[in-house]
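The structure appears below as structure tokens.
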Amino acid sequence: MCRISQNEEGATLIELLFSSIILIVVTASFYRLLLAFYQNYQNQEEIAEMQQQARVAADLLSREIEVAGYDPTGSLFPPEGLPNENKLTKAMSRVGCERRAHPAERILEATPVVFHFLADLNGNAVLDDSISTRKDIDEDVRYEWVGASGIDSCGIRKAPFTLYRDTGGGGGGQEVAFSIDQFKLVYFDEQGRALPERALSQDERTRVRKIGMTLRARSERRDPNNPSGGGFRMRHITFEVRLRNM
């Protein structure tokens, strides 16, 4: 009988190990590539969010603060700048740590981290919704930045590195921008001189003509590929706003 010979040799152990190593290397390289793409996507997303927060804070502040003291009828704020005892803010308006109706004045508070102003936007010479038949929205606005301590100027716990906006409606301050790790307001008088960097007195507030603002937005996570800023991405914005109605 004629027997047909066949090659019965299979892959050797060394060949199997070599093939496995190649497969592991290729898989690891592919995984690292995917991870790099994902990390880059996250970084770009955080940069976009950080820039958006900085723009929101800067745009909102500059647009609203510019109208501080607006009084088209001339009957809401006395010309000498004193508080008007006959015109009151909303009943839940916060000045300092006190929520109540306060005598109307163009600027109620001015500190390096707080700015509280009034503006008669609808021209009805009142500020309180309970009196006016025309809603006085956004006529009593208070901005406050809360820093690393997470405690506001009245000792109330808030989210750190956050800018708050309070319109005196009783709901308290609402978050309008977060991840703002630096914030500072500087006030200038009619001669362009900087006023003291503290809570301004009533007389000093009447002299404010311009506000300089500096803020810095920070990414939420550290980027190991970014050696500056402790690994955080930063966006600085500095601008000035002239108060046309002061």
Any residue on another chain or 5+ positions along whose placed amide H is under 5 Å from the amide H of LYS158 is listed here as ILE151, ASP152
With both partners inside region 40-242, how many of the DSSP beta bridges are antiparallel, as a percent to the nearest 5?
-> 100 percent
Residues whose placed amide H lies under 5 Å from that of GLU105, excluding near-sequence neighbours = ASN84
Rg [Å, one decimal], Dmax [Å, integer] - region 40-242, C-alpha atoms | 18.1, 60
Per DSSP, loop GluC sites (Glu not before Pro) in region 120-193 with at most 14 further Cβ within 10 Å | GLU190
Could you calculate the contour length gain from ALA199 to SER19, that is, 0.36 nm times the residue separation minus the distance between their Cα atoms, to one decimal place in nm?
-> 57.5 nm
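Bear in mind that the values in this text are calculations on the coordinates, not laboratory data. Computed from a prediction, not measured in an experiment: that's the story for all the values here. All Cβ positions, even for glycine, are placed from backbone atoms using ideal geometry, and neighbour counts span all protein chains on display.
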